[in-house]
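FYI, it's all coordinate maths here, none of it is from the lab. Predicted model, so just to flag it, every value in this text is computed and none were measured. Every residue, glycine as well, gets a Cβ built from its backbone with ideal geometry; the counts of neighbours run over all protein chains shown.
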Amino acid sequence: MLEISLNENEINFKDLEVEIYKLVCEEACKIMAQILMKIDDMLLEKRDKKEYRCKGKKHTNVKTIMGTVEFDKRIYGHINSEGKKEYVYLLDEYLKMDTIGHISTNLIEKVVENVTEISYREAAKNIESLTNQSISHTTAWNIIQKIGEKIAELEKQDIKLFKENKLRGEKETKMLFQEMDGLWLSMQGKDRPKGKKSRGKKEIKLAVAYDGWVKRSPGSNEYITHNKIACAGFASSKEFKELVDATIAKEYNIDEIEIKIINGDGASWIKESLGEEGVYFQLDPFHKSQAVIRNVENKKDARKLMKMLDEGKAEESLEYIAKLMIEQKDDEKQMKKLEKLYNYLVANKEGIKPYQKREEIKIPEAPEGIEYKHLGTMENNIFDTLASRMNAGKMSWTEKGANNLAKILALKTSGKLYSVVETYFNVIISKEKLTEIKEEIKLSAADVNKKQKKAKTYRIQRGGMPFEGCAMTNSRKAIREILRYKCLSELKVI
């Protein structure tokens, strides 16, 4: 039990709290180990003895938020359906213990929760301070890779089902908004592209989709997107389109979607869906304004041009740029910028006019409580979903590491991350099994109720300051000064 040493009746509450917490966690780990081994004993008795031959025990452990649970479990030999001999742990099969490197689901969730916000090293420190478990930053990284790979595997299954026309979401909407953009990440090692043009960076793609806007709260003037879903990753234009389509089809009944507005900066991969019935492109307002500000040096001209573009006056905007080019034909630098802007707007001419002002788009009536507002949330989505975590400081990535984390961050934005973790890395126990386990726990609890042997009593030592009431020498004064600020347990004997 806990040993306490008091100096002048003083004790640090913070340290006491930590020590008691550790003590309780250690006892909880022992109880968990006892329960697991009791269940293993139960399975030994109830197994088909002809099919499963016990081959002995193996010592193992599971890292939990309480600490590391050490226990023994039996291994069994049997002949599988293919007629081959294999070895299994009935305890693992009974509890469906699909852990990552002997780490419990609760601890996995804590790691994910931290890694999606801060670096792997900081996450490992946080875990140690918040739980009775310590993990390395490498362990945290491995957990994220495992989950990211599982998400990628599920995405491939969804794409296959979508191609077979077997994917139908439950949500229904006549109008869907889809925003897409890329984030350039600094790469490292063999994944770092060469050449001045790339500057050692690769673009990771992000797409979000939603069916409108709702008020943040009743009476609020702030709006948030409704039923937002997201997907991300390194992929070709075709591959990413397939992923986006499958992600949408898994959530929404695509047969009910009449109009889809795709908002983006005009990159070719964003326009992959154009040409499909009911799909329209809109040039992202942020990128549209950014292009003007970067290429029109005169602020008055820039403001006038942005107003034209916001009003959807595509032809007038292009004519105005042509006029500026004539006026500044002697300024070669400005001419090149204006020419670049002109070509950019021509390439995205169909998306200049906001979707609400287009005659060819017959906007359906919005469902009650939902509104159709101006597009342009993509920069916020890029920052909130990816950039705030992946572009902070001087970070550089491997393609595998960035891809897996991006998929986790996108799933978190969709509000589905923890359900995936619980589904694929959880210990799922049926009601029948839970009843059996409870019976085993009762048997374990009976041991607690047995009369315990009389234990020795260790009294808390309470003492005054040394040399109290004695003549004071210089050396005795020095010792008392040291002990005034230090407990005996903190002093080291040299």
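Over all directions, how big on average is the projection of the convex hull of the alpha-carbon atoms in segment 321-367, in square nanometres?
Numbers: hull surface 18.2 nm².
Answer in nm², one decimal: 4.5.
Calculate the tail of P(r) for segment 48-96: the fraction of all Cα-Cα distances greater than 16 Å, expressed in %.
On the way: 576 of 1176 pairs.
Tail of the P(r) past 16 Å holds 49 percent of the pairs.
Mind ordering 225-238, 160-173 by average Cβ neighbours within 10 Å, highest first? Mind dumping the intermediate values first?
Working: 225-238: 19.4, 160-173: 14.1.
Per-residue mean Cβ counts within 10 Å order the peptides as 225-238, 160-173.
Let me check I have the definition right: for segment 259-363, take the eigenvalues of the Cα gyration tensor, multiply each by 5, take square roots. What are those semi-axes in whole Å, largest first? Let's see the in-between values first.
Values: eigenvalues 147, 38, 22 Å².
Working through the eigenvalues yields semi-axes of 27, 14, 11 Å.
Give me the extension gain from Asp384 to Ser134: residue separation times 0.36 nm, minus the current Cα-Cα distance, reported in nm with one decimal. Could you put the intermediate results ahead of the total?
Numbers: separation 250, 0.36 × 250 = 90.00 nm, distance 2.88 nm.
Computed gain between Asp384 and Ser134 is 87.1 nm.
Rank the residues Trp397, Trp184, Trp141 as a footprinting-exposure proxy: fewest other Cβ atoms within 10 Å of their Cβ go first.
Details: Trp397 22, Trp184 14, Trp141 19.
In increasing order of surrounding Cβ atoms, one gets Trp184, Trp141, Trp397.
Run the numbers for Ala152 and Arg199: contour at 0.36 nm per residue of separation, minus the present Cα-Cα distance, in nm.
On the way: separation 47, 0.36 × 47 = 16.92 nm, distance 2.77 nm.
Contour length minus Cα-Cα distance gives 14.2 nm.
Calculate the spin-label point distance for Ser236 paired with Asp255, positioning each point 7 Å from the Cα along the beta-carbon direction, and give it in nanometres.
Roughly 3.2 nm, to one decimal.
Over segment 24-136, how many percent of alpha carbon pairs lie in each 5 Å bin up to the one with the longest distance?
Histogram of Cα-Cα distances, whole percents per bin: 2, 11, 18, 19, 14, 12, 9, 7, 5, 2, 0.
Dividing the Cα convex hull volume of segment 183-226 by residue count, how many Å³ per residue is that? Kindly include the intermediate steps, with their values, before the conclusion.
Working: hull volume 5.0 nm³, N = 44.
Taking only Cα atoms, segment 183-226 has a hull volume of 113 Å³ per residue.
Using a 7 Å offset from the Cα along the Cα-to-Cβ direction at both Ser119 and Tyr424, what is the distance between the two label points in nm, to one decimal?
Output for this residue pair reads 2.8 nm.
So how far apart, in nm, are the two label points at Asp41 and Ser268 if each is 7 Å from Cα heading toward Cβ?
6.9
Could you put His59, His137 in order, starting from the residue whose Cβ has the fewest other Cβ atoms within 10 Å?
Details: His59 8, His137 16.
Sorted ascending by nearby Cβ count, the order is His59, His137.
What is the local net charge at Gly67, summed over the other residues whose Cβ is closer than 13 Å to its Cβ (Lys, Arg +1; Asp, Glu -1)?
Numbers: positive: Lys22, Lys30, Lys63; negative: Glu26, Glu27, Glu70, Glu128.
Here the count lands on -1.
If I stretch the segment between Ile293 and Ser217 completely, what's the gain in nm (0.36 nm per residue apart, minus their alpha carbon distance), one decimal?
Additional length available on full extension: 23.9 nm.
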